[in-house]
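> Handing you a structure now.
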Amino acid sequence: MIQLVRGFKDILSGEVEIWQQIEKTARSLFEDFGFKEMRPPILERAELFARSIGEDTDIVEKEMYTFYDKKKDPVTLRPEATASVVRSYIQHKLYAKDAIRKFYTIGPMFRRERPQKGRYRQFYQINAEVFGIDSPLIDAQLIFLLATLFSRLSVTDAKVHINSLGCSTCRPKFKEALSDFLLSAKEKLCSDCTRRSKRNPLRVLDCKVPLCREAIVGAPSVLDFLCSECGSHFEGVKKSLEKLKVPFLIDKRLVRGLDYYTRTTFEIQTGLLGAQNAIAGGGRYDNLVKALGGPDQPAVGFAIGIDRLAEITGLEIKDFLQYPDIFVAALGEKSQSIAFEWICALNLEGTRAEMDFAGKSLKSQMKRANKLGARYVLIVGEKELEEGSVIMRNMMTKEQILIPIDGIIEKVKEKL
RNA sequence: GUGGGUGUAGCUCAGUCGGUAGAGCGCCGGGUUGUGGUCCCGGUUGUCGAGGCUUCAAUCCCCUUCACUCACCCCA
């Protein structure tokens, strides 16, 4: 038996209905907020991710599915969507008509990590990106959008964490102060963190090892190093969130794993997913568009993990499963071929109609109708054909009525 | 990449201190010839994850491997 690839999965009926509901709710919300859908490809030049996510990140260092396309350029199955959306924004000069652009995209991402609860090698994200707006209002609106989506999807255990990472003027100063601090505390840090403190000191703040957490208690806080512009920007985000009545936590240890973030960063965290607590995350990346060769346009965005969201949503599958409206139980070949015409006609008109194709007994056809959850059963046999009317049985009430074969499709639809 | 747990029928699981396996659910049929869900009766299914070692004999011991799962790591 050929099995699927490790870390990949089939999303089958019973689960897929929840996904459809998530996507449907997200789409309509995004449209209301003025976002346009974009569908970039899932394969990009490897270089795109190295330059956007950062060479020193785990994603680029060891998690990408990269291969050579017929011995030519290295290509990569996208590990995230922002880079592609930015690439597209630049390539098609989408900023030319109007620098302010809002996009959303839904699709699979690929990262070769060890699979775990809420972590797969092919996973799905809903992304939103806004270009050309500097104002903290838009940061707050994105978080508001997320909070709204989660509440519409009946997510209960979700908290908004926010932080600011500063910009290219203030971040270096903070980095320096942090490096100095880490140097003085290096005996207490775990091996990963000693390595990180040189290459990417911000990451140390994110470490979960208890001793490291202890060691960084007195570490300098990013927020104390923000320049006045970044400081007031962050204040603006907070004030707007309060106005929008979105509860949030200021989490100065919230550092994100992608290098392109500046200023506002945020995550929606839950306690329901074991070790994987982030169901959505994002932030501002004011330098990325320019860094990838585009105009100097600010940008903010976020990504939602659909796999994770589907696991913690309060939606119940029973509310989304579909059952046949009607099952046609036909007895004998003649009835069967007529029944076949009927169900096709009904299907065409948007009625969920089913029948049995094996010429089984009425009893077993009734059983099947019941198993499928059909609301009504139409019984047609020799006798009914002769008399010109068939039996329509309500499976809930057991009530049976006769309806004439003449104009049956319309009559059935009326009764449903 | 590292560590722990698990791997027996379609599903959930039991079992053999080594003698090739069951239960519930499901599925199929029947309970008088054309009516479902409850009930009763009957039937159905397995290379006991894969390969190897020890043994007269392994699903059960040992080794390897794969998969699933959880955690580290990282992130959505």
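The values are calculated or read from the model by the stated rules, or taken from the named source; none is laboratory data. As the structure is a computational prediction, the values presented were derived from the model and not from experiment. Note that we place each Cβ from the backbone using ideal geometry, even for glycine, and neighbour counts take in every protein chain shown. Ligands, DNA and RNA are stripped out before the accessible areas are found, and what is left, the full protein with its side chains, is counted by its heavy atoms. Shrake-Rupley method; radii C 1.70, N 1.55, O 1.52, S 1.80 Å.
> Taking Cα atoms, how many degrees apart are the long axis of helix A:362-372 and the longest axis of chain A, rounded to 10 and kept between 0 and 90?
Approximately 20 degrees, to the nearest ten.
> Shifting gears a bit: Provide the gained length on full extension for the span A:LEU244 to A:ILE401, in nm with one decimal, where the gain is 0.36 nm per separating residue minus the Cα-Cα distance.
Taking 0.36 nm per residue and subtracting the Cα distance, the gain is 50.9 nm.
> Need one number: nm distance between label points at A:TYR323 and A:ILE2, each 7 Å from Cα along Cα→Cβ, rounded to one decimal.
Once both label points are built, they end up 3.8 nm from each other.
> I would also like to ask the following. What's the Cα-based Rg to Rh of segment A:200-315, Rh via Kirkwood?
Ratio of gyration radius to Kirkwood radius for segment A:200-315: 0.98.
> Along segment A:163-172, what does the Karplus equation 6.51 cos²θ - 1.76 cosθ + 1.60 (θ = phi - 60°) give for ³J(HN,Hα), rounded to whole Hz, x for Gly and Pro?
7, 10, 9, x, 10, 5, 8, 8, 4, x
> Counting only residues 5 or more places away or on other chains, whose amide H sits under 5 Å from the amide H of A:CYS170 once H atoms are built in the peptide plane?
Under 5 Å from the amide H of A:CYS170: A:CYS227.
> Carbon-plus-sulfur fraction of the accessible area of chain A, 1.4 Å probe, in percent?
On chain A, the fraction of accessible area on carbon and sulfur atoms equals 51 percent.
> Can I ask one more? What residues qualify as long-range amide H neighbours of A:SER389, i.e. H under 5 Å apart, gap of 5 or more or another chain, H built at 1.01 Å from N?
For A:SER389, the qualifying residues are A:ILE405.
> So for chain A: antiparallel DSSP bridges make up what percent, rounded to the nearest 5?
If I count the DSSP bridges inside chain A, around 80 percent turn out antiparallel.
> In square angstrom, what is the accessible area per residue of segment A:322-415 with a 1.4 angstrom probe?
Details: 5580 Å² over 94 residues.
Ligands and nucleic acids excluded, the result is 59 Å² per residue.
> Further, regarding this structure: Report the local net charge at A:ILE405: Lys and Arg +1, Asp and Glu -1, summed over other residues whose C-beta lies under 10 Å from its C-beta.
The answer is -2.
> Please give me, ordered by residue number, the trypsin sites (Lys or Arg not before Pro) of segment A:95-124 that lie in loop per DSSP and have at most 13 other Cβ atoms within 10 Å.
Loop-located and lightly packed - A:LYS97, A:LYS117.
> 5 Å is the cut-off here: which amide hydrogens, built 1.01 Å from N in the peptide plane, fall below it relative to A:MET355, excluding neighbours closer than 5 in sequence?
Counting only residues 5 or more places away or on other chains, the set is A:VAL328.
> Sticking with this one: With r defined as the distance between the Cβ atoms of A:SER232 and A:ASP32 and R0 fixed at 30 Å, what FRET efficiency is calculated, to the nearest 0.05? Show your work: numbers first, answer last.
Details: r = 29 Å, r/R0 = 0.98.
Given R0 = 30 Å and the Cβ-Cβ separation, E is 0.55.
> Could you let me know the centre-to-centre spacing of segment A:21-69 and segment A:368-408, using Cα atoms, in angstrom?
Spelled out, the Cα-based centre of one part sits 52 Å from the other.
> Output the Cα-based Rg and Dmax of segment A:240-386 in Å, rounding Rg to one decimal and Dmax to a whole number.
For segment A:240-386, the Cα radius of gyration and maximum Cα-Cα distance read 28.1, 80 Å.
> ³J(HN,Hα) across segment A:214-228 via Karplus (A = 6.51, B = -1.76, C = 1.60, θ = phi - 60°), whole Hz, x for Gly/Pro?
5, 5, 9, 3, x, 5, x, 9, 3, 4, 6, 9, 4, 6, 5
> Give me the extension gain from A:LYS367 to A:LYS72: residue separation times 0.36 nm, minus the current Cα-Cα distance, reported in nm with one decimal.
100.3 nm
> Which one, A:LEU145, A:TYR120, A:HIS92, is farthest towards the positive end of the dipole of chain A when Lys and Arg carry +1 and Asp and Glu -1 on their Cβ?
Highest projection toward the positive end goes to A:TYR120.
> Taking segment A:1-114 as the region of interest, what is the percent of Cα-Cα pairs per 5 angstrom bin, listed from the shortest bin to the one with the maximum distance?
Reading upward from the zero bin: 2, 10, 16, 17, 18, 17, 13, 6, 2, 0, 0.
> Residue by residue through segment A:339-353, what is 3J(HN,Hα) from phi via Karplus (6.51 cos²θ - 1.76 cosθ + 1.60, θ = phi - 60°)? Round to whole Hz and write x for glycine and proline.
4, 4, 4, 5, 5, 5, 5, 5, 4, 4, 9, x, 9, 7, 10
> Scan chain A and report its longest stretch carrying no GluC sites (Glu not before Pro) that are both in a DSSP loop and have at most 16 other Cβ atoms within 10 Å.
Counting at most 16 other Cβ atoms within 10 Å as exposed, the longest clean stretch of chain A is A:114-315.
> So, one more: Please provide three numbers in whole Å: the alpha-carbon extents of segment A:322-415 along the principal axes, with the largest listed first.
33, 28, 25
> In 10 Å bins starting at 0, how do the alpha-carbon pair distances of segment A:110-194 split up by percent?
Whole-percent P(r) values from 0 Å outward: 12, 23, 30, 31, 4.
> By the scheme Lys and Arg +1, Asp and Glu -1, what is the net charge of all other residues having a beta-carbon under 14 Å from that of A:ILE42?
Once positives and negatives cancel, what remains is +3.
> Could you tell me what a quarter of the Cα convex hull surface of chain A works out to, in nm² with one decimal place?
Taking the Cα atoms of chain A, their convex hull projects to 27.6 nm² on average.
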